[in-house]
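The values are calculated or read from the model by the stated rules, or taken from the named source; none is laboratory data. Quantities reported herein were computed from a predicted structural model and do not represent experimental measurements. With ideal geometry, Cβ positions are generated from the backbone for all residues, glycine too; neighbour counts draw on all protein chains shown. Keep in mind that these areas ignore ligands, DNA and RNA; they rest on the heavy atoms of the full protein, side chains included. Shrake-Rupley method; radii C 1.70, N 1.55, O 1.52, S 1.80 Å.
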Amino acid sequence: GLGRLAACFLDSMATLNLPAWGYGLRYRYGLFKQRIAKEGQEEIAEDWLEKFSPWEIVRHDVVYPVRFFGHVEILPDGRRKSAGGEVLNALAYDVPIPGYKTKNAISLRLWDAKASAEDFNLFQFNDGQYESAAQLHSRAQQICAVLYPGDATEEGKLLRLKQQFFLCSASLQDIIFRFKERKSDRVSGKWSEFPSKVAVQMNDTHPTLAIPELMRLLMDEEGLGWDEAWDVTNKTVAYTNHTVLPEALEKWSQSVMRKLLPRQMEIIEEIDKRFREMVISTRKDMEGKLDSMSVLDNSPQKPVVRMANLCVVSAHTVNGVAELHSNILKEELFADYVSIWPKKFQNKTNGITPRRWLRFCNPELSEIVTKWLKTDQWTSNLDLLTGLRKFADDEKLHAEWAAAKLASKKRLAKHVLDATGVTIDPTSLFDIQIKRIHEYKRQLMNILGAVYRYKKLKEMSAEEKQKVTPRTVMVGGKAFATYTNAKRIVKLVNDVGAVVNNDPDVNKYLKVVFIPNYNVSVAEVLIPGSELSQHISTAGMEASGTSNMKFSLNGCVIIGTLDGANVEIREEVGEDNFFLFGAKADQVAGLRKDRENGLFKPDPRFEEAKQYIRSGTFGTYDYTPLLDSLEGNSGFGRGDYFLVGYDFPSYIDAQARVDEAYKDKKRWIKMSILNTAGSGKFSSDRTIDQYAKEIWGITANPVP
């Protein structure tokens, strides 16, 4: 999600002619390639770089040293400096990002980790000690091998922290180098001018180490004092929060941080100390809150550095990524900070690039939009889509719209056949949920709904089946390699599909397909061909979501909860063109409390669906541990934390409304048109324009 958002943001920054670029790591094997075998998901290394990437330009002239471990040296003048340890080199690869109909391209600079020739021990190598001769080289290779390496082990945690620091240090050294290179002719070279020339946006907490590293570079390398360095850092850095899930708010062990980054840890401790002193001296009333607000959690059992707190304390601006999410940040997660810095918090609702997510991926629909709007300007001014509203009942538009959707559905059916061997009917309702597999996103509710639908179909007479709306349910997404319940959900979808799709009694009316190896290229085929899309997370848990915007833009109707950007999508497209169900965000805590107190009464349909799985209808695999997460009132991994049981009845009722609406082709196509017509707000051009004006303070700089 962070990567797909960043890709849209880069496209918009280039298209809006903004002087901005991105930094990342050049992962050799990506996250993983997903294969579906009998046992469920298998992960294999992604080979995207194996065949050579034509878009990247290696910059052998852009190399920076990055130091790990070592110790802090105190110099004769009292200044402090990192020394010893191991030093790796960051080598830049530039991926040009062209703007749409502009003369400029911006850059995505990706770092690769290398050790130098002098770190290769020729004596050991000639003595046959090949592994130890190239130890640092192999450690360098680990850093950019895989995105999100498993962090269940201490080694895994250390590697992730290394990745994060490597990105931050290399990028900031590059930024400072460019500033110094240009200050001779453009600015007077005062460091106080740095924030007027440089803005750094931290995309979630992964680049938090940019804060202590910028402080270190300014103090230890450039000779600034603490106060001046802090002023520069605070005015330069801003933070985007992307999640309220407690397990995703990074906390790093203080001892690991101190061992890997001793100087940076000293700086973090000083930031924490000064923050505490500031609160005690200026806000006596907040003193009792300091333990939860401080950067360091010094609990004797497990002392940690809280990265989100470090970001909020150090950044000049903090933003959420949808209205609901930003309000939750201000009212709950960061409420105590709001009373200290009321102006620090903003909302920037996410967006998607209409170039990739309509013009490129859906050529048939794009042509129709251009024809009826009498302009193709919508590709860079998405608000023009509202012009389609006045044609929402036009029969000629309806006929063209339906033909375009059918062409996309046929393309999608071919992809499904090629990828899974399953034949699906392009005249059935295409119902799609594609996103990473997570319990809060509730793919489990989707598949329980499909199981319930299958059971009802099995109980129907031939005449009753004639009245059913035929449906193809598609689920796709990667489960994290060590997330057991997510992998069980993938297996369950596949097991249900294997039974349903081969049952001659029902397979004219229902198919269930798991789409393997979900990625952007797959999404470009699935989204245009989708008619109903499921965005059904427990309210308050999805910060924004962006695939919801992509589906809506392509004339797909959403069934969803009032969560993330769904709230704003429903406002824009109209309540009648969105299938709403489920608890609201402000009810969730109370419902969990009720559950703990034994007050939850399950709907018989929910019990029926679970029982059907337990009965062995879908094979011999033991789904007890997965289904048990929905049982009981409390306890680890129990008590239905994500409210699948509570929301299930309203979900089934909403799906029944979908079936009815789909039978009325005229009504459905009108809903589809109005979804596209209401998607203008969700252009990443609008999002980036707001970042530029309200956070970065930059303006367009077109090439003449």
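Things to note:
- Of all the residues in the stretch 461-496, those that are closer than 16 Å to Ile434 by Cα and either of a type in the set (Val, Ile, Thr) or not in a loop (DSSP other than H, G, I, E, B) (or both) number 13.
- Among the residues of the stretch 256-292, the ones that are basic (Lys, Arg), touching an Asp or Glu at 6+ places or on another chain (Cβ under 9 Å) and touching a residue at least 24 places away in the same chain (Cβ under 8 Å) come to 2 in all.
- Test: Leu627 is farther than 23 Å from Ser547 by Cα, part of a helix (DSSP H, G or I) and modelled with pLDDT of 95 or more: yes
- Flag if Gly637 is assigned to a loop (DSSP other than H, G, I, E, B) and modelled with pLDDT of 95 or more: no
Residues are listed down the side, and each one gets a yes or a no for (1) open to solvent by 20 Å² or more (accessible area, probe 1.4 Å); (2) assigned to a helix (DSSP H, G or I); (3) touching a helix residue (DSSP H, G or I) at 6+ places or on another chain (Cβ under 8 Å):
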| position | (1), (2), (3) |
| --- | --- |
| Asp112 | no, no, no |
| Glu118 | yes, yes, no |
| Arg139 | yes, yes, no |
| Lys162 | no, yes, yes |
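- From the list Leu108, Leu10, Leu18, Leu91, the lone residue that is in a strand (DSSP E or B), within 24 Å of the chain's Cα centre (by Cα) and under 30 Å from Ala700 (Cα atoms) is Leu108.
So that you can scan it fast, the table gives a plain yes or no per residue for (1) touching a residue at least 12 places away in the same chain (Cβ under 8 Å); (2) hydrophobic (A, V, I, L, M, F, W, C); (3) surrounded by 16 or more Cβ atoms within 10 Å (Cβ to Cβ):
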{"site": "Arg359", "(1), (2), (3)": "yes, no, yes"}
{"site": "Leu365", "(1), (2), (3)": "yes, yes, yes"}
{"site": "Lys409", "(1), (2), (3)": "yes, no, yes"}
{"site": "Leu417", "(1), (2), (3)": "no, yes, no"}
{"site": "His438", "(1), (2), (3)": "yes, no, yes"}
{"site": "Lys455", "(1), (2), (3)": "yes, no, yes"}
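Residues are listed down the side, and each one gets a yes or a no for (1) modelled with pLDDT of 95 or more; (2) in contact with a His (Cβ under 7 Å, 6 or more places away or on another chain); (3) within 30 Å of Asn347 (Cβ to Cβ):
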{"site": "Leu136", "(1), (2), (3)": "no, no, no"}
{"site": "Ala140", "(1), (2), (3)": "no, no, no"}
{"site": "Pro149", "(1), (2), (3)": "no, no, no"}
{"site": "Leu159", "(1), (2), (3)": "yes, no, no"}
{"site": "Ser171", "(1), (2), (3)": "yes, no, yes"}
{"site": "Arg182", "(1), (2), (3)": "no, no, no"}
{"site": "Met202", "(1), (2), (3)": "yes, no, yes"}
{"site": "Thr208", "(1), (2), (3)": "yes, no, yes"}
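- Conditions (1) under 21 Å from Leu218 (Cβ atoms); (2) in contact with a helix residue (DSSP H, G or I) (Cβ under 7 Å, 6 or more places away or on another chain); (3) surrounded by 15 or more Cβ atoms within 10 Å (Cβ to Cβ): number failed by Val87: (2)
- Failed item in (1) in contact (Cβ under 8 Å) with a residue 12 or more places away in the chain; (2) within 23 Å of Tyr337 (Cβ to Cβ), with Gln163 passing the rest: (2)
- On the stretch given as the stretch 536-572, residues that are among the hydrophobic types (A, V, I, L, M, F, W, C), assigned to a helix (DSSP H, G or I) and open to solvent by less than 10 Å² (accessible area, probe 1.4 Å) total 4.
- Boolean, Phe194 is under 20 Å from Trp21 (Cα atoms), open to solvent by 10 Å² or more (accessible area, probe 1.4 Å) and either polar (S, T, N, Q) or assigned by the TED database to the domain that holds Trp21 (or both): no
- A single member of Thr208, Thr240 is more than 23 Å from Tyr64 (Cβ to Cβ), buried (at least 20 other Cβ atoms within 10 Å of the Cβ) and assigned by the TED database to the domain that holds Lys157, and it is Thr240.
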